[in-house]
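Novice: Mind having a look at this structure? Questions to follow.
The values are calculated or read from the model by the stated rules, or taken from the named source; none is laboratory data. Keep in mind the model is a prediction, meaning the values are calculated, not measured. Here the Cβ positions follow ideal geometry from the backbone for every residue, glycine too, while neighbour counts run over all protein chains shown.
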Amino acid sequence: MKTNYPKIAIQIFAILLAIGSSFATTASEKKVNAPVTGYFPKFPIIGPPPIAQCMFAQLCSNTPGPICTGVYQGITYQVFGKANPNDTVCQIVLFKQQ
């Protein structure tokens, strides 16, 4: 009489492998945010009409935390972001990268 032991063992192994793989591939709970470009607000150029522009400072984050700051000509300023990359005004509050 033939035994079906090898066939049953392979099926059980396949099921256990599938269950083990499902636990090994759980999604990570840690969220990683891409860095956001931060700008120093330039003061308006004198003359009609006043022009407000932003000057690149450093990379920051939009995840709440400590305020993003940068040093320009020896003075520490708060760094802001743009709502749209084509904007000339930077007024979005940014935070330090964690």
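Novice: Between a residue in the range 4-31 that is closer than 30 Å to residue 61 by Cα and any residue that is at pLDDT 80 or above and not in a helix (DSSP H, G or I), which pairs come within a Cβ distance under 9 Å, given they are 6 or more apart or on different chains?
Specialist: From residues that are closer than 30 Å to residue 61 by Cα, the pairs are 31/63.
Novice: Looking only at the range 1-55, filter to residues that are surrounded by 10 or more Cβ atoms within 10 Å (Cβ to Cβ) and among the polar types (S, T, N, Q); which one of those is modelled with the highest pLDDT?
Specialist: Per the criteria, the residue is 37.
Novice: Follow-up question, since we're still on this one. Among the residues of the range 78-85, are any out of contact with any Lys or Arg (no Cβ under 6 Å at 6 or more places or on another chain), surrounded by fewer than 16 Cβ atoms within 10 Å (Cβ to Cβ) and not in a loop (DSSP other than H, G, I, E, B)? It would help to see each step written out before you state the result.
Specialist: At the first step, the residues of the range 78-85 found to be out of contact with any Lys or Arg (no Cβ under 6 Å at 6 or more places or on another chain) are 78-85.
Filter again for surrounded by fewer than 16 Cβ atoms within 10 Å (Cβ to Cβ), leaving 78, 83-85.
Filter once more, keeping what is not in a loop (DSSP other than H, G, I, E, B): 78.
Yes, there is a match, as at least one residue in the range 78-85 is out of contact with any Lys or Arg (no Cβ under 6 Å at 6 or more places or on another chain), surrounded by fewer than 16 Cβ atoms within 10 Å (Cβ to Cβ) and not in a loop (DSSP other than H, G, I, E, B).
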